[in-house]
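So the structure is just underneath, and the comments pick up after that.
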Amino acid sequence: MARRGSRSSKRPYAAGHRPLDMGRLESLPRTQTGPGGAEFTVRRVRGRAKTYICPGCNQTIAAGTPHIVAWSNESLFGPDRGLEERRHWHTSCWDRHLW
């Protein structure tokens, strides 16, 4: 018996199919060799309402600009520390600094 006032979060059968947003797949974390040959976890992000300084060019990444977030998998103090030390890169700067 269904409870009164509760709504299911499932898509109703009569509702149309929502196509897969391929842009969201780009943001899945992946492992890449980064600056200095170290292994990094890398994510593409759409940009937030905050500015960052790119470590590749020391220039501002404007708020709302799509860019790369990368953190080292080889931190001496473990993976959590690497995540805490993540950096925001212009996509072109990250691509240019890969070895």
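Every read-out reported here was derived from the displayed coordinates using simple, explicitly stated rules and does not represent laboratory data. Remember, predicted model here, so these are calculated numbers, not experimental data.
Name the long-range amide H neighbours of Arg48: under 5 Å, sequence gap of 5 or more, or other chain; modelled H, no Pro or chain starts.
So Arg48 has HN proximity to Gly64, Thr65.
Starting from the coordinates of the alpha-carbon atoms of the range 28-96, obtain the Kirkwood hydrodynamic radius over all distinct pairs and give the value in Å to one decimal.
Computed over Cα pairs of the range 28-96, the Kirkwood hydrodynamic radius comes out at 12.1 Å.
With the contact rule set at Cα under 8 Å and sequence spacing of 6 or more, what percent relative contact order holds for the range 28-96?
It rounds to 29 percent for the range 28-96.
Return the sequence-ordered ³J(HN,Hα) values of the range 47-63 in whole Hz as given by the Karplus equation 6.51 cos²θ - 1.76 cosθ + 1.60 applied to θ = phi - 60°, using x for Gly and Pro.
In residue order, the calculated couplings are x, 10, 8, 9, 9, 9, 9, 6, x, x, 10, 6, 10, 6, 9, 4, 4 Hz.
Could you derive backbone 3J(HN,Hα) for the range 36-43 from the dihedral phi with the Karplus parameters 6.51, -1.76 and 1.60 (θ = phi - 60°), listing whole Hz in sequence and x where the residue is Gly or Pro?
Running phi through 6.51 cos²θ - 1.76 cosθ + 1.60 with θ = phi - 60° gives x, x, 6, 7, 10, 8, 10, 10 Hz.
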